[in-house]
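Written below as structure tokens is the structure these notes are about.
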């Protein structure tokens, strides 16, 4: 018999301030990796996907938690971006 891994997904509504989330593109830029690498980190469970239901189908719909990106950036030795 083969072993398989099942990923369970928890879905709940939460209220977040805009500063608590980042677009996938912003997270990628901060981390110095590709957008695809950030999407793969979401798929692997390293980052939590936050769904912005009011956004269009593709544009800025999936976001990530800033605190998780900060932690990953620290692991990678990346400083926080300077807000302009």
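All of the numbers you see were taken from the coordinates with simple rules; none came from a lab. These numbers come from a predicted model, not from an experiment.
Between 0 and 90 degrees, the angle of helix 35-44 with respect to the longest Cα principal axis of the chain falls at about 40 degrees. As a length-normalised measure over Cα pairs under 8 Å and 6 or more apart, the relative contact order of the range 29-78 settles at 37 percent. Debye-formula intensities of the range 1-49, expressed as log10 I(q)/I(0) at q = 0.28 Å⁻¹, are -1.11 (one equal scatterer per alpha-carbon, no solvent).
Considering helices alone, the calculated mean residue ellipticity of the chain at 222 nm is -9500 deg cm²/dmol, with DSSP H runs of length four and up weighted by -39500 (n - 2.57) and normalised per residue.
Per the Debye calculation on the chain with a single equal scatterer at every Cα and no solvent contribution, log₁₀ I(q)/I(0) for q = 0.17, 0.19, 0.21 Å⁻¹ amounts to -0.73, -0.88, -1.04.
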